[in-house]
Amino acid sequence: MHLPLTAALAVLPALALGQVSGSGKTTRYWDCCKPSCGWPGKGGNPIRTCDRNDNILNDGGNTRSGCDSGGNAYMCSNQSPWAVNDSLAYGWAAVNIAGSTESQWCCACYELTFTSGPVQGKRMIVQASNTGGDLGNNHFDIAMPGGGVGIFNACTNQYGAPPNGWGDRYGGIHSKSECASFPEKLKAGCNWRFDWFQGADNPDVTFRQVTCPAEITAKSGCGR
Ligand SMILES: *[C@@H]1O[C@H](CO)[C@@H](O)[C@H](O)[C@H]1NC(C)=O
């Protein structure tokens, strides 16, 4: 294969950094639990976690998850998605990248381009905050309040959510009007799903690793 020299040089930085790309799938969740990148030894600073009242923990890295009895580390409400503009959003996700490990993806950022559903063509940059034993390869489980608690649920303990979380255990609530009764700090992220994200239901993506935007690392307290 003969690439023009400029094209060959352009791919070198990505290769040197071991940055990954490919196609994948998405789901959604918000379980209120301490995300697993909140523990030390995952390749950088632990991602910021919050106490039951959503105050940032000074030693979140060594604090037990609110998903375990007696634990007091929860997902901070400001790790909710937001719209940068109509075609770009920022947020966080639990991820599983084929051929990588958690210590490689924790706090790394991935640009997702949606390839199906109403959001087809829109982009979202997510920072990996979590992983999950139930995730397949190249799977981004996008964190959005009201997206369903999934396997674990700290939302009942933290916010008094119903026993299986808001809405269905998997998939969460069904309409924007349900966001109106959410805790104040989770409303904007809940609304985002029905505004910017257009209520998309697990759209497919292509993805590539990118440098994290400063607006994301300012909230999460970690990067690569
Ligand atoms: C959205 O914001 C990004 C990043 O600032 C920018 O590159 C892009 O042109 C913007 N798109 C629109 C439609 O404004």
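Computed from the coordinates by the stated procedures, all read-outs in this text should not be read as laboratory data. Quick caveat, the model's predicted, so the values are computed rather than measured. Note that we place each Cβ from the backbone using ideal geometry, even for glycine, and neighbour counts take in every protein chain shown.
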*Tell me, what HN-Hα J-couplings in whole Hz come from the Karplus equation 6.51 cos²θ - 1.76 cosθ + 1.60 at θ = phi - 60° for each residue of segment 112-127, using x for Gly and Pro?*
9, 10, 6, 10, 8, x, x, 8, 3, x, 7, 10, 9, 9, 10, 9
*Would you mind checking which residues have amide H under 5 Å from Gly223's amide H? H placed 1.01 Å from N; only 5 or more apart, or other chain.*
Asn45
*Once amide H atoms are built 1.01 Å from N in the peptide plane, which residues 5 or more positions from Trp92, or in another chain, come under 5 Å H to H?*
Gln127, Ala143
_Cα centre as origin, Lys/Arg/Asp/Glu Cβ charges: the chain dipole, Debye_ = 200
*In deg cm²/dmol and to the nearest 500, what is the mean residue ellipticity at 222 nm of the chain if only DSSP H runs of at least 4 residues count, each as -39500 (n - 2.57), divided by the residue total?*
-4500 deg cm²/dmol
*Tilt of helix 184-194 relative to the longest C-alpha principal axis of the chain, in degrees (0 to 90, nearest 10)?*
50
*Would you mind checking Lys42/Lys219; Lys34/Lys176; Lys122/Lys176; Lys34/Lys185 for any pair whose Cα atoms are more than 23 angstrom apart?*
Lys34/Lys176
_Would segment 18-176 count as rounded, prolate or oblate if I go by the C-alpha gyration tensor, calling it rounded below 1.5 in a/c and otherwise prolate when a/b exceeds b/c, oblate otherwise?_
oblate
*How much of the DSSP beta bridge set in segment 82-152 is antiparallel, as a percent to the nearest 5?*
65
_Going by amide H atoms built from the backbone, whose H comes under 5 Å of the H on Cys33, apart from near neighbours?_
Met75, Ala154
_Estimated vicinal HN-Hα couplings, Hz - segment 92-102 in sequence order (Karplus 6.51, -1.76, 1.60; Gly, Pro = x)_ = 9, 7, 7, 10, 9, 9, 4, x, 10, 10, 4
*Angle between the Cα long axis of helix 5-16 and the longest principal axis of the chain, 0 to 90 degrees, nearest 10?*
40
*asked:* What are the ³J(HN,Hα) couplings of segment 203-218, residue after residue, when phi is run through the Karplus curve with 6.51, -1.76, 1.60 and θ = phi - 60°? Round to Hz, x for glycine and proline.
replied: x, 6, 9, 9, 9, 8, 6, 9, 5, 5, x, 4, 5, 7, 5, 4
_Can you compute the radius of gyration and Dmax for segment 142-224, using only the Cα atoms, both in Å?_
14.3, 38
